[in-house]
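Peer 1: Structure in structure tokens, see below.
The values are calculated or read from the model by the stated rules, or taken from the named source; none is laboratory data. This structure is a prediction, so every number in the text was calculated from the model and none was measured. Neighbour counts run over all protein chains shown; Cβ positions are idealised from the backbone, glycine included. These area figures cover heavy atoms from the full protein model, side chains too; ligands, DNA and RNA do not enter into them. Shrake-Rupley method; radii C 1.70, N 1.55, O 1.52, S 1.80 Å.
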Amino acid sequence: MKANAVSAGPAPAPGHPVDYRRIYVWELPVRLYHGINAVCLVGLIITGYLIGAPIRPFYAAEAYQLYWFGGVRFVHFICAFFYVFNFAFRIYWGFVGNKYADWKNFFPITRRQRQEIVDVVKADVLQVKLHGPISAGHNSLAAFIYFFTFLAFLVQAITGFALYSSMSSSWLPRMFTWIVPIMGGEMGVRYWHHLFMWFFVTFIIVHVYLSFYHDYIEGRGTISSIVGGWKFEREKSDQ
Amino acid sequence: MGDSTQSIWQSMQAKGYSRRDFLQFCGAAAAMAGLERSAVGQVVSAFDVKSKPAVVWLHFQECTCCSESFIRASHPIVADVLLDVLSLNYTETLQAASGFQAEKCLTDTIKNNKGKYVLLVEGAVPLNDDGVYCMIGGKTAESILQEVAKDAAAVIAWGSCASNGCVQAAKPNPTGATPISKLISQPVINVPGCPPIADVMMAVVTHLVVLGQLPALDNLGRPKEFYSRRVHDTCYRRANYDAGLFVESFDDENARKGYCLYKVGCKGPVTYNACSVVKWNEGTSYPIQSGHGCIGCSEAGFWDNGPLYQHLPSFPGFGIESTADTVGTAVGLATIAGVAAHAVVTNVRKHKVIAEVHADDQPEI
């Protein structure tokens, strides 16, 4: 965002075509992170919901003929491990990636970021202003909300590993056994783990909608950028 | 109750047990304490000379189900002999003495066995309103506990009441019922359950008496031997869980087939206990085997994590039937409605902006 933040100006003078500049915003590791994260998260929500409210799609007379529920849980655990290491990688990339991936984007540290949050709320959420800031990377409000999703990631990872620890002897889940007593036993841990799933469901709805919204309102390839990495920015007119 | 200077073997002889009975008892006690066969000899020589340990069994806010469970231990020789072996100096429910005599038993035991007696506590201790909700002989439960625990060699909390508060501590916990481990400074062996399994209680006491030391405890003070695995992990219906074969309601065909009770609220997957291994009533059965889900009675706060026949606890403030899923679905639908409304408003309020974007593509040349 930063220096590239420009506002959509008035329409160009007739007879003057608009020039757009390509900006490589999302590097390949960021796009891969996003893709893996999306697949894992959807997988986790579906399997997690099924674990909470199992269905029986197959019939069998005897238990040994099926491993359906075991399979659902297995997919949940596999997705969880991918998701956690993928997230750990993203934290690393926040220190070595380009300026759009930088960790500092996710905290409203500067006055400019805080001002942008106010502007985005006015222009995009409440729509009391017609033209708002158009940043190349995350806008400050979106980035700050992502910070809260990262916290929710952490809650899910910690409670998930705490629940998993009783069936595992490996060091990573075992690190979180102490969570269980402080949350009032596994019933409590499972409850919170389940409740936070709904945060992600809500987040996905809003996130996907707003991506399309920005693509539609700004016309700069917001949707395609997460596949190819490029966004387009209007060249400042020299008039 | 009995002369505490006698050794265990002497007191058994006095009661008419043979040497063979005594050796059988030693073998059973060693097995209960988790010792290998070669250690039985040590147990025999210890019991030959060891004097009977004095025991004080206190009852506070409880229903006596722990005592009821304890006297139904399935190894008769251990149960019988252990009750004889232990010099049970004070227990409100079973002792013959009453009134001042009973209280004298207690003070004498503490005086004569300082630092040597075992304290067993059944029930939670109420702290609200200066502890008036549970008083014995004019003293509050808390002051009795502090007084007796001070000189005890070991303290065992029997049952969920003493271990984690159980139903007395259920919201809103009007009496301020408190588990004893929060009130005294020495380590407490928590043996939760409502009640705990009789054979588990026996084994814990045997371990203390035979080895003279605390069993290995987990971070909640429970003996690892019996509380390190979930009911679910050793459940004989587990294969049905992994297969996804569930009982949908209590009288359906699936229930008859003995499928997993997960969907009718079984708390086995979140409950640490030995029910599915040790079982109850001389190994006859346990709740899941009898067709009813585990209610999680050995877990802290199980009373507040209801309803019992629902897999997830109800969501506070939205009625008893609403789970996190009900609330989550409502929030999700509200969000979809919200973004749809936003999309409509966008097209109305921002039609100029949208027109500008489109104008970029169509320069008038």
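Peer 1: What is the calculated FRET efficiency for residue A:177 to residue B:309, with r their C-beta to C-beta distance and R₀ = 30 Å, to the nearest 0.05? Let's see the in-between values first.
Peer 2: Numbers: r = 29 Å, r/R0 = 0.97.
Between residue A:177 and residue B:309 the formula returns 0.55.
Peer 1: Still on this structure, please answer the following. Mind jotting down the distance between the C-alpha centroids of region B:31-76 and region A:136-214, whole Å?
Peer 2: Cα centroid to Cα centroid, the span is 46 Å.
Peer 1: Something else about it: Of all the C-alpha pairs in region B:231-304, what % are more than 17 Å from each other? It would help to have the intermediate numbers written out before the result.
Peer 2: Numbers: 1055 of 2701 pairs.
In whole percent, the share of Cα-Cα pairs in region B:231-304 beyond 17 Å is 39.
Peer 1: Let me ask you something else. Let's see if you can work this out: charge +1 on each Lys and Arg Cβ, -1 on each Asp and Glu Cβ, no other charges. What is the dipole magnitude of chain A about its Cα centre, in debye to the nearest 20?
Peer 2: Numbers: 20 positive and 13 negative charges, 74 e Å.
Value, rounded to 20: 360 debye.
Peer 1: Take every Cα-Cα distance within region B:80-169, group them into 10 Å bins from 0 onward, and report for each bin the whole-number percent of pairs it holds.
Peer 2: Values per bin, smallest distances first: 15, 46, 34, 5, 0.
Peer 1: Continuing with the same structure: Once amide H atoms are placed 1.01 Å from N in the peptide plane, what residues at a sequence separation of 5 or more from residue B:58, or on another chain, have their amide H within under 5 Å of its amide H?
Peer 2: Sorted by chain and number, the residues that satisfy this are B:120, B:121, B:122.
Peer 1: Could you work out the percent of alpha carbon pairs in region B:267-309 separated by over 15 Å, rounded to a whole number?
Peer 2: Numbers: 355 of 903 pairs.
That fraction is 39 percent.
Peer 1: Still on this structure: Determine the principal axes of the Cα atoms in region A:46-117, then give the extent along each, sorted from largest to smallest and rounded to whole angstroms.
Peer 2: 65, 25, 12
Peer 1: When ranked by the protection proxy of mean other Cβ atoms within 10 Å per residue, highest first, what sequence do the peptides A:79-91, A:151-163 form? Each step should come with its number before you reach the end.
Peer 2: Numbers: A:79-91: 16.7, A:151-163: 18.6.
Order by mean packing, descending: A:151-163, A:79-91.
Peer 1: Calculate the mean, over all residues of peptide A:62-71, of how many other protein chain Cβ atoms lie within 10 angstrom of the residue's Cβ. Present the calculation step by step, with values, prior to reporting the outcome.
Peer 2: Values: counts 5, 13, 4, 2, 6, 4, 4, 9, 6, 3.
Rounded to a whole number, the mean comes out at 6.
Peer 1: Okay, next question. Under a Cβ-Cβ cut-off of 10 Å, what is the net charge of the residues other than residue A:63 that fall near it, where Lys and Arg count +1 and Asp and Glu count -1? Don't skip to the answer; put the middle values down first.
Peer 2: Working: positive: B:237, B:238, B:257; negative: A:62, B:242.
So the environment of residue A:63 carries a net charge of +1.
Peer 1: Could you tell me how many cubic angstrom of Cα convex hull volume region B:154-219 has per residue? Working shown, then result.
Peer 2: Values: hull volume 5.5 nm³, N = 66.
Enclosed volume per residue, from the Cα hull, is 84 Å³.
Peer 1: If you don't mind, there's one more thing I want to ask. Report the net charge of residues surrounding residue B:90, where surrounding means a beta-carbon distance below 13 angstrom and charges are Lys +1, Arg +1, Asp -1, Glu -1. Present the calculation step by step, with values, prior to reporting the outcome.
Peer 2: Working: positive: B:104, B:111; negative: B:92, B:103, B:108, B:122, B:147.
Net charge in that neighbourhood comes out at -3.
Peer 1: Take the Cβ-Cβ distance between residue A:122 and residue A:216 as r, set R0 to 22 Å, and report the resulting FRET efficiency rounded to the nearest 0.05. Provide the component values of the computation, followed by the final result.
Peer 2: Details: r = 19 Å, r/R0 = 0.85.
The pair residue A:122/residue A:216 has a calculated efficiency of 0.75.
Peer 1: Also: Using the Cα centre as the reference, give the magnitude of the dipole from point charges on the C-beta atoms of region B:190-233 (Lys, Arg: +1; Asp, Glu: -1; all else neutral), rounded to the nearest 20 debye. Walk me through the intermediate numbers first.
Peer 2: Numbers: 4 positive and 4 negative charges, 18 e Å.
Approximately 80 debye in magnitude.
Peer 1: Could you estimate the translational diffusion coefficient of region B:8-226 from the Stokes-Einstein equation, with Rh from the Kirkwood formula over C-alpha pairs, at 20 °C and 1.002 mPa s, in whole µm²/s? Don't jump to the answer; show the numbers that get you there.
Peer 2: On the way: Rh = 17.7 Å.
The estimated diffusion coefficient comes to 121 µm²/s.
Peer 1: In whole Å and largest first, what semi-axes does the C-alpha gyration tensor of region B:211-341 yield when each eigenvalue is scaled by 5 and square-rooted?
Peer 2: 34, 21, 12
Peer 1: Taking N as the number of residues in region A:155-221, what value does Rg over Cα atoms divided by 2.2 N^0.38 Å take? If you can, show how the numbers build up before the last one.
Peer 2: Numbers: Rg = 17.7 Å, N = 67, 2.2 N^0.38 = 10.9 Å.
That ratio works out to 1.63.
Peer 1: Sticking to Cα atoms, compute the Rg of chain B to one decimal and its Dmax as the biggest Cα-Cα distance, whole number, in Å.
Peer 2: Cα radius of gyration and Dmax of chain B are 28.4, 119 Å respectively.
Peer 1: Something else: Partner chain Cβ atoms within 10 Å, averaged over the residues of B:257-263 - can you pull that number for me? Write down the numbers at each step before the final one.
Peer 2: Details: counts 3, 1, 2, 3, 0, 3, 4.
Counting Cβ atoms of other protein chains within 10 Å of each residue's Cβ and averaging gives 2.
Peer 1: Then there's this: Return one quarter of the surface area of the convex hull spanned by the alpha-carbon atoms of chain A, equal to its mean projected area, in nm².
Peer 2: Working: hull surface 69.6 nm².
Projected area, direction-averaged: 17.4 nm².
Peer 1: Using unit Cβ charges (K, R positive; D, E negative) and no other charged atoms, how large, in debye to the nearest 20, is the dipole of region B:231-304 about its Cα centre? Before the final figure, lay out the partial values.
Peer 2: Numbers: 7 positive and 9 negative charges, 32 e Å.
With only Lys, Arg, Asp and Glu charged at Cβ, the dipole is about 160 debye.
Peer 1: Enumerate the calculated ³J(HN,Hα) couplings along region A:54-60 in order (Karplus 6.51 cos²θ - 1.76 cosθ + 1.60, θ = phi - 60°), each rounded to whole Hz, writing x wherever the residue is Gly or Pro.
Peer 2: x, 10, 10, x, 10, 10, 8
Peer 1: For residue B:301, which sequence-distant residues (separation of 5 or more, or a different chain) have an amide H within less than 5 Å of its own amide H, given hydrogens modelled in the peptide plane?
Peer 2: Correct list: B:166.
Peer 1: A follow-up question, please. Over both sides of the B-A contact, add up the buried accessible area with a 1.4 Å probe and give it to the nearest 100 Å².
Peer 2: Working: alone 18730 and 14690 Å², together 28520 Å².
Summing both sides, the interface buries roughly 4900 Å².
Peer 1: Show me the three semi-axes of the equivalent ellipsoid for region A:107-174, from the C-alpha gyration tensor (sqrt of 5 times each eigenvalue), largest first, rounded to whole Å. Don't skip to the answer; put the middle values down first.
Peer 2: On the way: eigenvalues 304, 26, 13 Å².
Taking √(5λ) for each eigenvalue gives 39, 11, 8 Å, largest first.
Peer 1: Which whole-percent values make up P(r) of region A:67-185 when all C-alpha to C-alpha distances are grouped in 5 Å steps starting at zero?
Peer 2: 2, 10, 14, 16, 13, 12, 10, 9, 7, 4, 1, 0
Peer 1: Summing Lys, Arg as +1 and Asp, Glu as -1, what charge do residues with Cβ under 12 Å from the Cβ of residue B:225 carry, residue B:225 excluded? Intermediate values should be presented prior to the final figure.
Peer 2: On the way: positive: B:222, B:224, B:229; negative: B:199, B:218.
In short, +1.
Peer 1: When only alpha-carbon atoms are used, what values of Rg and Dmax, in angstrom, describe the protein assembly as shown?
Peer 2: Rg then Dmax for the protein assembly as shown, in Å: 32.9, 119.
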